[in-house]
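Student: Here it is, the structure in full.
Every number here is computed from the coordinates shown, using simple stated rules; none is lab data. Predicted model, so just to flag it, every value in this text is computed and none were measured. Because the Cβ atoms are built from the backbone with ideal geometry, glycine has one as well, and the counts that use them run over all protein chains shown.
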Amino acid sequence: MGTIRIIRGDITKIKVAAIVNAANTTLLGGGGVDGAIHRAAGPELLAACQKLHGCATGEAKITPGFRLPAQFIIHTPGPIWRDGTQSEACLLHNSYRNSLALAAAYNCQTIAFPSLSTGVYRYPLAAAAVIALTTIRDFLAANTVIQTVTMVCFDATTLAAYQQAYQQVVGN
Ligand code: AR6
């Protein structure tokens, strides 16, 4: 059974087998963590993403990490929050689960996530944190490849939300 870690930090600096990018469906870059990952990985990343021809919301695609400490980048567009009736919860669950499955298919023992959809895409933070940790917990219980999943929270508010959700979803 793998471990879930929750830390505050910058995901572009984390040395794991795979980091996850909160992308958009074009996979051609943007602001937020997506912009930070493209800047840190270098221009080879955009060239690799151009060959992927986009990605549907909730699905995931993989590239090398290029200049990052991480070996791979898994790109997933999470849902844009509208009013909660547009399958947002299901799509957010899919983004985490499909990213984990892709990491396991590439034999990654360690993976790090940012808080998908809770920035520009405005998914309510507390609800998103519960979906993230429930999906990760359930995936870890059924897989033998991934040993450690790190949630990398960029700010104190996000860190607090994930710590609280962890108590609820995983317990100590
Ligand atoms: N490391 C970890 N987390 C970060 C970093 C970083 N270096 N930088 C920002 N965050 P967002 P979304 C946090 O907006 O809501 C882009 O334009 C940030 O504080 O990056 O899924 C894409 O191209 C927040 O907690 O992603 C899409 O168009 C979290 O990452 C759109 O934004 C997610 O915020 C995706 O929106």
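Student: I'm told THR57 meets every condition in (1) buried (at least 22 other Cβ atoms within 10 Å of the Cβ); (2) of a type in the set (Ser, Thr, Tyr); (3) in a loop (DSSP other than H, G, I, E, B) except one. Can you identify the failing condition by its number?
Tutor: Going through (1) buried (at least 22 other Cβ atoms within 10 Å of the Cβ); (2) of a type in the set (Ser, Thr, Tyr); (3) in a loop (DSSP other than H, G, I, E, B) one by one, THR57 breaks only (1).
Here is a yes/no grid of residues against (1) away from the ligand (no atom under 12 Å from the Cβ); (2) surrounded by fewer than 14 Cβ atoms within 10 Å (Cβ to Cβ); (3) among the β-branched types (Val, Ile, Thr):
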| residue | (1), (2), (3) |
| --- | --- |
| ILE7 | no, yes, yes |
| ASP10 | no, yes, no |
| GLY29 | no, no, no |
| LEU45 | yes, no, no |
| HIS53 | yes, yes, no |
| PRO69 | yes, yes, no |
| THR85 | yes, yes, yes |
| SER99 | yes, no, no |
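Student: Output the residue which, of all residues in the stretch 31-43 that are over 21 Å from ALA165 (Cβ atoms) and among the aliphatic types (A, V, I, L, M), is farthest from the ligand (Cβ to nearest atom).
Tutor: ALA41
Student: Continuing with the same structure: Given ILE146, ILE131, which one is within 14 Å of the chain's Cα centre (by Cα) and either of a type in the set (Gly, Ala, Ser) or closer than 18 Å to THR3 by Cα (or both)?
Tutor: Among ILE146, ILE131, only ILE131 is within 14 Å of the chain's Cα centre (by Cα) and either of a type in the set (Gly, Ala, Ser) or closer than 18 Å to THR3 by Cα (or both).
Student: Scan the stretch 1-53 residue by residue and report those that are of a type in the set (D, E, K, R) and touching a residue at least 60 places away in the same chain (Cβ under 8 Å).
Tutor: Filtering the stretch 1-53 down to residues of a type in the set (D, E, K, R) leaves 5, 8, 10, 13, 15, 34, 39, 44, 51.
ARG5, ARG8, ASP10, listed by residue number.
Student: Yes or no: the stretch 113-131 includes at least one residue that is on the phi > 0 side of the Ramachandran plot and either small (Gly, Ala, Ser) or surrounded by fewer than 20 Cβ atoms within 10 Å (Cβ to Cβ) (or both).
Tutor: Looking through the stretch 113-131, at least one residue is on the phi > 0 side of the Ramachandran plot and either small (Gly, Ala, Ser) or surrounded by fewer than 20 Cβ atoms within 10 Å (Cβ to Cβ) (or both).
Student: Of all residues being among the β-branched types (Val, Ile, Thr) and under 15 Å from ILE73 (Cα atoms) in the stretch 1-24, which is nearest to the chain's Cα centre (by Cα)? Just the residue, please.
Tutor: VAL20
Student: Residue pairs, Cβ under 6 Å, 6 or more apart or interchain, first in the stretch 146-162 and of a type outside the set (Val, Ile, Thr), second within 10 Å of the ligand (Cβ to nearest atom) and assigned to a strand (DSSP E or B). List them.
Tutor: Qualifying pairs under 6 Å: MET151/PHE113; CYS153/ARG8; LEU159/ARG8; LEU159/CYS153; TYR162/MET151; TYR162/CYS153.
Student: Can you tell which of TYR123, TYR106 is of a type in the set (Phe, Trp, Tyr) and within 15 Å of the ligand (Cβ to nearest atom)?
Tutor: TYR123
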